[in-house]
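The values are calculated or read from the model by the stated rules, or taken from the named source; none is laboratory data. In this text, all values refer to a predicted model and were calculated from it rather than measured experimentally. Cβ placement follows ideal geometry from the backbone for every residue including glycine, while neighbour counts extend to all protein chains displayed.
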Amino acid sequence: MDKEEYKQFYTGVYRHSLAHILAKAVIEIFGKENVGYAIGPQIADGFYYDFLLPRNLTNDDFELIEGKMRDILKRKESWSVKELSREDALALFEGQKYKTELILDLPEDEKLTVYYTGDDFVDLCRGPHVSSSQELLGAAFKIRSVSGAYWRGDEHNDQLQRIYVYAFENKQALSEHLKLIAEAQARDHKKLGPQLELFMFDETAPGMPYWLPRGWKLYNALLDFWRGIHEAHGYMEISAPVINNKQLWVTSGHWGHYRDNMFLVPGYETDESGKRSYDDESASTYAAKPMNCPNAINVYRRSSRSYRELPVRISQVDVIHRKEKSGELNGLFRVQEFRQDDAHIFVTEDQIASEIGDIMTIATEIYSIFGLSYRVELSTRPDDYMGDIEVWNSAEAALKKILDDHYGEGNYGINEGDGAFYGPKIDLQMRDCLGREWQMGTIQLDFQLPLNFDLKYVAEDGSFKRPVMIHRAVFGSFERFIGILTENFKGQFPFWLSPYQVGIVPIMPEHNDYALEVRDALRAAGVRAEINLSDRNMKEKIKEFHGYRDPFIVIIGAKEIENRTVSITARGNKKMNDVPLDEFIALCRRLNAEHLLELPD
């Protein structure tokens with residue numbers, strides 16, 4: 001075990017041990033007969049524990065629970081482990097519904113382990129744990145929140161109270177993490193989005209964002225950027241239907257593997273009286289597409305293809321829908337309607353390596369524009385895979401060789417069992433300015449769908465061969481990527497991406513005509529400019545544009561009219577007075593063309 005592995009192991013031990021301390025504290029506060037305790041695993045920055053309690057917890061309870069935890073630690077109690085039979089474990093946890101259910105799910109002859117903290121608290125656990133509470137005295141913890149959680153994630157089961165706790169090895173590490181959390185909250189896109197008038201949600205369409213005028217400008221700026229790069233790399237963009245007959249999804253395999261996540265339009269049969277009966281299994285059933293791949297396949301096979309045409313690179317940004325549980329929706333990060341920056345590429349087998357190399361080049365180019373780095377993982381065959389295992393082995397070996405050649409053997413992660421049901425994939429894990437990782441881009445190698453749809457191309461020798469299909473996305477989805485960018489830039493988007501790039505403020509009504517002339521000149525140069533012609537005072541107008549975080553605010557008064565100039569306040573309050581209008585327009589053109597992250601000094 002190397003140093004980093006040991007650190008992770010030790011972190012897991014003290015966090016999981018503190019989860020037992022939390023459970024003991026809750027039981028001592030509410031009484032053992034009043035508490036049902038379920039599970040308490042560690043998570044990225046601490047741990048949680050699920051309880052059934054006689055009342056709902058509030059923030060006022062946090063200090064009481066934390067204090068009880070500290071009192072328990074000061075007792076410096078010994079910890080001990082004991083191995084039990086299934087029968088003995090059931091007797092020990094009699095009356096504890098959730099522990100009993102966990103035990104009953106295990107084989108009858110399986111030996112179980114329990115951990116005692118002192119003599120009066122015992123928990124069902126595989127361990128390992130500390131040998132004494134004294135080892136936890138230096139650890140720092142703080143209750144983060146309480147939320148509802150269904151037992152085993154099933155909405156038909158009991159709703160428990162989940163107590164989340166931050167836990168770190170010392171007070172300094174906890175303090176640094178709390179500062180990071182505070183900064184993340186200040187960047188929360190769910191707050192910034194409505195505040196900056198980018199997007200909104202409505203209860204009539206859960207998880208389906210409304211793009212507001214400012215947000216739609218940002219979205220289209222990002223789309224134009226994306227289109228320019230893909231045009232240069234030989235992609236051709238299409239658009240296809242949002243719903244398709246179920247037969248398409250049966251052929252693709254989505255009906256068998258993904259149906260529960262699809263929005264269906266049931267087909268119907270009409271009886272002799274004219275009454276309709278609806279049935280999802282009807283041949284006339286339609287489904288909103290959760291993925292674009294079958295549409296791209298239909299476009300590929302509309303005509304015969306020659307090896308000379310391959311690779312055929314088809315991109316599309318159509319709306320797709322995926323049904324999610326309501327508790328999993330999370331702003332733009334987890335939605336039910338979104339636009340994926342999708343592409344499907346049809347290649348010969350000997351083109352796989354070069355094409356994936358080109359996709360990596362696109363990803364690096366796009367991420368670097370935003371100052372974002374990424375690392376790579378190979379995701380392998382899942383349990384519900386479709387197709388022949390030998391085909392899977394071949395596909396995984398091909399991707400592994402590509403990554404070995406591109407990054408060096410061992411310089412990428414392996415994510416066992418997380419591939420798509422039709423093929424293995426390369427996942428791009430992106431890191432933002434707060435050090436958070438996001439699973440963004442994906443490159444999926446697919447031998448199966450070309451087989452399902454009997455795709456062919458005419459080889460050089462005149463025979464028919466089957467192409468290989470590459471599914472790929474770089475953003476993952478425009479919605480999620482914009483949510484990440486909103487937080488990464490704290491709503492202060494780079495000039496070229498900002499919804500409006502210049503806000504124009506005439507000081508007095510008599511300055512409006514020149515202000516409109518400036519706006520029109522900027523728009524003619526491809527600059528997104530807005531103007532406030534209201535009769536409010538100048539400071540209020542400037543404050544409004546500051547609130548929207550426009551990169552430049554232009555002030556127009558008598559002097560600017562006389563000299564044909566503009567006076568500018570750049571984001572960050574740097575001022576530039578009496579700048580010739582032509583020079584300012586040239587600066588804006590350059591910022592748009594060069595995709596700079598920062599405004600120039």
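Taking (1) in contact (Cβ under 8 Å) with a residue 24 or more places away in the chain; (2) farther than 24 Å from Asn220 by Cα in turn, Ala343 satisfies each apart from (2). Only residues that are farther than 18 Å from Asp120 by Cβ and surrounded by 14 or more Cβ atoms within 10 Å (Cβ to Cβ) were counted across the stretch 65-87, and they come to 2.
Applying the condition of being over 25 Å from Leu64 (Cα atoms) and surrounded by fewer than 13 Cβ atoms within 10 Å (Cβ to Cβ) to the stretch 128-156 and asking which residue is nearest to the chain's Cα centre (by Cα) yields Gly153. Test Ile29 against the criterion of being assigned by TED's automatic domain parsing to the domain that holds Gly118, in a helix (DSSP H, G or I), surrounded by 15 or more Cβ atoms within 10 Å (Cβ to Cβ) and in contact (Cβ under 8 Å) with a residue 12 or more places away in the chain, and give yes or no. In short, yes.
Only residues that are in contact (Cβ under 8 Å) with a residue 60 or more places away in the chain, on the phi < 0 side of the Ramachandran plot, not in a strand (DSSP E or B) and not aromatic (Phe, Trp, Tyr) were counted in the stretch 214-241, giving 13. In the stretch 296-309, which residue that is crowded, with 19+ Cβ neighbours inside 10 Å and touching a strand residue (DSSP E or B) at 6+ places or on another chain (Cβ under 7 Å) is nearest to Ser252 (Cα to Cα)? Among those residues, the one meeting the criterion is Ala296. When you scan the stretch 492-499, do you find a residue that is outside any loop (DSSP other than H, G, I, E, B), within 28 Å of the chain's Cα centre (by Cα), surrounded by 21 or more Cβ atoms within 10 Å (Cβ to Cβ) and polar (S, T, N, Q), even just one? Checked the stretch 492-499: no residue is outside any loop (DSSP other than H, G, I, E, B), within 28 Å of the chain's Cα centre (by Cα), surrounded by 21 or more Cβ atoms within 10 Å (Cβ to Cβ) and polar (S, T, N, Q).
Among the residues of the stretch 202-223, those that are surrounded by 14 or more Cβ atoms within 10 Å (Cβ to Cβ) and either modelled with pLDDT under 95 or aliphatic (A, V, I, L, M) (or both) comprise Gly207, Met208, Leu212, Leu218, Ala221, Leu222, Leu223. Within the stretch 78-87, the presence of a residue that is in contact with a helix residue (DSSP H, G or I) (Cβ under 8 Å, 6 or more places away or on another chain), of a type in the set (A, V, I, L, M) and in a helix (DSSP H, G or I) is excluded. Screening Ile362 with (1) farther than 28 Å from Trp255 by Cβ; (2) at pLDDT below 90 gives one miss only, at (2). Filtering the stretch 402-421 for residues that are touching a helix residue (DSSP H, G or I) at 6+ places or on another chain (Cβ under 6 Å) and part of a helix (DSSP H, G or I) leaves a non-empty set.
Test Glu517 against the criterion of being part of a helix (DSSP H, G or I), in contact with a strand residue (DSSP E or B) (Cβ under 6 Å, 6 or more places away or on another chain) and among the charged types (D, E, K, R), and give yes or no. No. Here Asp535 fulfils each of the conditions (1) assigned to a strand (DSSP E or B); (2) more than 35 Å from the chain's Cα centre (by Cα); (3) within 22 Å of Asp513 (Cβ to Cβ) apart from (1).
For the stretch 239-289, a residue qualifies if it is aromatic (Phe, Trp, Tyr), within 22 Å of Ile314 (Cβ to Cβ) and modelled with pLDDT of 90 or more, and exactly one does: Trp249.
If you go through the stretch 246-279 and keep only what is under 26 Å from Leu329 (Cβ atoms) and surrounded by fewer than 13 Cβ atoms within 10 Å (Cβ to Cβ), you end up with Gly256, Asp260.
Checked against the criterion of being modelled with pLDDT under 85, loosely packed, with under 13 Cβ neighbours inside 10 Å and out of contact with any His (no Cβ under 6 Å at 6 or more places or on another chain), the candidates Asp388, Asp432 yield just one match: Asp388.
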